[in-house]
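Just so it is clear, none of the values below were taken in a lab; they were calculated from the coordinates. Bear in mind the structure is a predicted one, so any value in this text is a computation, not a measurement. Don't worry about glycine lacking a Cβ; one is built from the backbone with ideal geometry, like all the others, and counts go over all protein chains shown.
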């Protein structure tokens, strides 16, 4: 089917809000090339379960393209129109299975050496959207907080090496009440700016911060979900299905399949958490991978004002099996190395968001005297050996 | 010392000073391990599904070598990391193909067939097959006939093989152990070893990725050391060391840094290659960009066989 043949009935299986938008935008959708439209529909079909920032990104694409004349639209979409598609791709049910389409389309782009062309078209298009729909600065500068190294007594690993060029390496931090102080900072910001999905706490263990305006994701709390998911995966593999069938099964999985609530507001977070485990690689096995990937996805999708992540020791072995009540052997030293890199990636992901030049970042080696702070008021590539409490450190950063 | 170089002391201080080092090797093909390794072996950017058990479309370097130089099957071997590589030795090309390829050893499959089923859980760290989709672990059951045949070739009892294999730390250690045994007992003229431990990066655990890099560094030095110490190889062997491709950059928003190789950005496409051997200039850096498909025609020029279907060009600095 071609985009020009679309009609309202094609969107009957879409969730209510997504269907309403699709039908309203039908005249525009009919004019879009097949190398772009299913990718927009892949986002739109999940609109009902998306965070406000993601919804705005979809809305912005419609607001960017909607007012264009036919010629302007053709010119904007020209780089996508130049992409060749196979007859198999054209014949797929790309309206109702846009995720499946995008997987096959991606493989086809690699196979036909068009991936670089598509990559450039996508980047240029997004730049065009952002130029036409400039984002408003966040109501308060963003703050990223990372706690690493739980249970590590001492280390010779050169911590924060990748972050040091961008901030101050504090080497004499007074560690008492450090974690509680950072929790309080998160709660205070959530109370001061009670915006939905704007304040997050992601924990590699079981600690939760219960507050109506803090989104809390805990690796340990998801263990029953991980166990159920792993059992389903292992059963699929045992049936002889290949990796592509497994990926399709993962993509189709719903929260209720693994015991997560899928109604009302809860559905948004449930689907987010499920996606961390079905789309993330290694998130099912290692808590450190889970925390890093969850932080990445929270920043990319929800664009929070405050994000606090807490790394805990990951299991030592990379065994792919459900843990039924047993406590795995952990590796705190290796987890510290994972978390150090995870902190660097969290800062990179935070810097991709608007207001980056005003945003701040703090990573602390839990229970120890080392921390690294980055902020608009702080120098770069500096070291500070003066005694300082976590509370004072926060004051310097923000 | 530039960031990361502390993890490759053997490459940096022992091998590069003896090598011609190509600093920019670009892979313009599909960045999946099997299809990319097949592209390295054919000198053509192959386009098949990375996860399909299919042979390369174009003739492999093993077929060119054996057909042109009339070499026996025992003279070209591949030691490959996972079951997905079991078709790498021989293409489906009608002018080459069947009976002209390399023999392929899949060490993990051999170990799986040597172990009692109950023991496979204990040695899961040696049998893990696929990091790209960590939840997907294909069947690694092996063939007893294959195991006993190989044991005979390597002049090693199945019991000794098993006892030694289970003492090793990783699949790559097992591959190099078999490679050294093969060099001692069979001494093939062409031996292709693919190391895969580094791909644990897909699990997202940076510490394991670093361990994989450090292990590969050490194993590369061991292979060169073996070449120098085996009479059949010493002073008359050229060693090529190269990654199949890179990994996504830390800053590309489409990726997640070291974890994957999905963006097709410059870092994921650009790697390096070092060449060591008696006729190769030492301590030499080549800065011009070359392509990974240049490997096959370079091997052809050095060993004296034609590579008519390859898309690459011989690297004049080492031929």
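Observations on the structure shown:
- On the basis of the beta-carbon distance and an R0 of 56 Å, residue B:306 and residue A:207 show a calculated FRET efficiency of 0.30.
- Extension gain (nm, one decimal) between residue B:159 and residue B:283, 0.36 nm per residue minus Cα-Cα: 40.3 nm
- FRET efficiency estimate (nearest 0.05) - Cβ-Cβ, residue A:26 to residue A:392, R0 60 angstrom: 0.55
- By DSSP, the beta bridges lying fully in the stretch B:5-303 are antiparallel in about 40 percent of cases.
- Shape category assigned to the stretch A:3-132 from the gyration tensor of Cα positions, a/c cut at 1.5: rounded
- DSSP beta bridge pairing in chain A, given as percent antiparallel to the nearest 5: 25
- Principal-axis analysis of the Cα atoms of chain A puts helix A:52-65 at an angle of about 40° to the longest axis.
- Peptide A:282-294 - average C-beta neighbours from other chains (10 Å radius): 4
- Within 10 Å of the Cβ of each residue in A:119-128, the mean number of Cβ atoms contributed by other protein chains is 1.
- In degrees, nearest ten, helix A:178-192 long axis to first principal axis of chain A (Cα): 50
- Choice from A:361, A:286, A:118 showing the highest fluctuation, given a GNM over chain A with Cα pairs closer than 10 Å: A:118
- Our summary gives chain B a relative contact order of 28 percent, counting only alpha carbon pairs under 8 angstrom and 6 or more residues apart.
- Once the Cα atoms are used to define both axes, helix A:243-252 deviates from the longest principal axis of chain A by about 90 degrees.
- Extending 7 Å from the Cα toward the beta-carbon at both residue A:249 and residue A:112 defines two label points whose distance is 3.1 nm.
- Summary value for chain A: 24 percent relative contact order, contacts being C-alpha pairs under 8 angstrom separated by 6+ residues.
- Mean ellipticity per residue at 222 nm, deg cm²/dmol - from DSSP H runs of n ≥ 4 across chain B, formula -39500 (n - 2.57): -9500 deg cm²/dmol
- Ranked B:57, A:357, criterion: other C-beta atoms within 10 Å, fewest first: A:357, B:57
- C-alpha center-to-center spacing [the stretch A:308-384, the stretch B:7-78] in angstrom: 37
- Our estimate of slack between residue B:222 and residue B:187, defined as 0.36 nm per intervening residue step minus the Cα-Cα distance, is 11.0 nm.
- Amide N of the stretch A:99-140 lying under 18 Å from the label point, which is placed 7 angstrom from the Cα of residue A:191 along Cα→Cβ: none
- Arranged from fewest to most other beta-carbon atoms within 10 Å of their beta carbon, A:99, A:173, A:129, B:275 become A:129, A:99, A:173, B:275.
- Segment residue A:220-residue A:127, extension gain: residue separation times 0.36 nm, minus the distance between their alpha carbons: 29.6 nm
- Taking other C-beta atoms within 10 Å as the exposure proxy, A:60, A:317, A:331, B:287 rank B:287, A:317, A:60, A:331 from fewest upward.
- Neighbouring Cβ atoms from other chains, within 10 Å of the Cβ of residues in B:203-216, number 6 on average.
- Nearest-0.05 FRET efficiency for residue A:157 and residue B:249, computed from C-beta distance (R0 22 Å): 0.45
- Within the listed set A:313, A:38, A:141, the residue fluctuating most in the Gaussian network model of chain A (springs between alpha-carbon atoms under 10 angstrom) is A:141.
- Selected from B:33, B:13, B:202 as most flexible by GNM, with chain B as the system and alpha-carbon contacts under 10 Å: B:13
- Shape summary: the stretch A:98-254 maps onto an equivalent ellipsoid whose semi-axes, from the alpha-carbon gyration tensor, are 36, 27, 20 Å in decreasing order.
- Beta bridges per DSSP with both ends in the protein assembly as shown, % antiparallel, nearest 5: 30
- Inter-centroid distance (Cα atoms) of the stretch A:25-72 relative to the stretch B:264-316, Å: 45
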